[in-house]
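What follows is a single structure, written as structure tokens, with notes after it.
The values are calculated or read from the model by the stated rules, or taken from the named source; none is laboratory data. Here the structure is a predicted model, which is why all the values come from computation and not from measurement. Backbone-built Cβ (ideal geometry, glycine too); neighbour counts: all protein chains shown. Surface areas here come from the heavy atoms of the whole protein model, side chains and all, with no ligands, DNA or RNA. Shrake-Rupley method; radii C 1.70, N 1.55, O 1.52, S 1.80 Å.
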Amino acid sequence: MNLVKKLLLLGLCLVIAGGAVFAAGGKQAGGGKIKIYFIPKNLGNPYFVALGSGFEAALKELDPNGEKYEYIFTGPATPEATSQIEYIEAAVQNGAKAIFIAANSNDALNATFDDARRRGTRIYIINQDIPGSESHRDAAIMPVNFDTVGVAQLDLMGGYINWEGEFAILSATTDAPDQNYWVQSMRDELAKGSPKYAKMKLVDVVYGDDQPEKSTTEMEALLTKYPNLKGVIAPTTVGIAAAAKVAQTRGVADRVKVTGLGLPSEMKEFVVDGSSPGFQLWDPPAEGYLGVYLVDAEVNQGFTPAPGATFKAGKLGEYKILPNGQILTLQTPKLFDKNNLQDFVY
Ligand code: RAM
């Protein structure tokens, strides 16, 4: 084979390996822009608005005039296990190059994901993974290493209640992959029998469904049911804001410490007035930012999201896809409290 033929063949292989077919300049063959979808757990959750702002920031850098990419933020009103299916199907129908999705279930979307990938759409789980169903997605963008979250949350609670007393967990939905991973990690950690947690007792796990009203009702019920309750860990931004509000209006913040994972912009008021002593989070916009650069690497450099592969994500630097298909935005959660109010920017 002469050199020209070899080069032609190589070019063809790259195009096929990339899934959908692209014309020069990154536009999809047949005209139109490259479509990037972000499907959050549900609309109306400010956490996912923060995450979405990262997609927009990266697109501003890579495609300032909006000529090449189209970003679509769409999703269900409520975070039930199957409520995202119709949005995935519509995106694929509309020629999505990549769908970033904070899946509401570990496995209920597998068949839909398989179908999308067969039709050339990349499926990237974002903000979490789908444990046990990893073969149904292309990669997962994680906010942090999830194995550090359970212990980090327990230690935070321990510090606030002097490592002693009853506490409860206010979670989101019963199917949420991220929530369930962290709740289980906390249970496992407590079950190990470490002396550190010997006097701390997890009395209940309740579910506010990432809805402010239900989260408020669940928090109220915890206070009534457990008069000796010392603290509540809400590893959900919706749950912790609702719980802190209850602590504020009931005036119980001195004896019941509300912590968990919060959105700094929502929690500022509660940290300033002492309704919550502090909480943890990571950098949600960084996840979206990284996602856009991942797609751009694929479009411009024939990047394939396989374990071991690396790509450059603009000002955030280089990232590697880990052996389990995950990309870690950061390693561990960060503490937000009255000492770093200047960091409460998203
Ligand atoms: C909630 C969601 C999300 C979680 C954050 C911390 O808004 O449940 O999945 O990661 O909080």
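Here are a few things to note about the model shown:
- Carbon/sulfur fraction of accessible area - the chain, other protein chains in place, 1.4 Å, %: 53
- Point-to-point label distance, GLU80-ASN339, nm (Cα→Cβ direction, 7 Å offset): 4.5
- Mean-position separation - Cα centroids, segment 264-314 and segment 209-237, in angstrom: 27
- For PRO285, neighbours were defined as the other residues whose beta-carbon sits under 14 Å from its Cβ, and their charges (Lys and Arg +1, Asp and Glu -1) total -2.
- Between helix 237-250 and the chain there is an angle of about 20 degrees, using the helix long axis and the longest principal axis of the Cα atoms.
- Spacing of the two label points (7 Å from each Cα toward its C-beta) at ARG187 and ASN145, in nm: 2.4
- Segment VAL203..GLN301, full-extension length gain: 30.1 nm, with 0.36 nm per residue of separation and the alpha-carbon distance subtracted.
- Each other residue within a Cβ distance under 13 Å of GLY159 adds +1 if Lys or Arg and -1 if Asp or Glu, for a net charge of 0.
- Label-point separation, ILE72 to SER53 (7 Å along Cα→Cβ), nm: 2.5
- Theoretical gain in end-to-end length, GLU269 to ASP107 [0.36 nm per residue, Cα-Cα removed]: 54.6 nm
- Too-long pairs where the Cα-Cα distance tops 26 Å, listed order kept, from LYS41/LYS214; LYS41/LYS97; LYS41/LYS192; LYS192/LYS320; LYS35/LYS320: LYS41/LYS192; LYS192/LYS320
- A straight Cα-to-Cα reach below 17 Å connects LYS268 with the lysines LYS245, LYS257, LYS334, LYS338, residues fewer than 8 places away in its own chain not being considered.
- Listed residues PRO212, PRO40, PRO323, most fluctuating in the chain (Gaussian network, C-alpha, under 10 Å): PRO323
- The chain: angle of helix 3-17 to the longest principal axis, Cα-based, in degrees nearest 10: 30
- Formal net charge of residues neighbouring ASN45 (Cβ-Cβ distance under 12 Å; K, R +1; D, E -1): -2
- Solvent-accessible area of TYR346, all protein chains in place: 50 Å² (probe radius 1.4 Å, heavy atoms, ligands and nucleic acids excluded).
- Estimated from helical segments only, the mean residue ellipticity of the chain at 222 nm is -12000 deg cm²/dmol, where each DSSP H run of four or more residues counts as -39500 (n - 2.57).
- Gaussian network model of the chain, Cα within-10 Å springs - most flexible of ALA247, ALA140, ALA103: ALA247
- Think of the chain as a dipole: +1 on every Lys or Arg Cβ, -1 on every Asp or Glu Cβ, centred on the Cα centre; then among SER135, ASN110, ALA90, SER135 lies furthest on the positive end.
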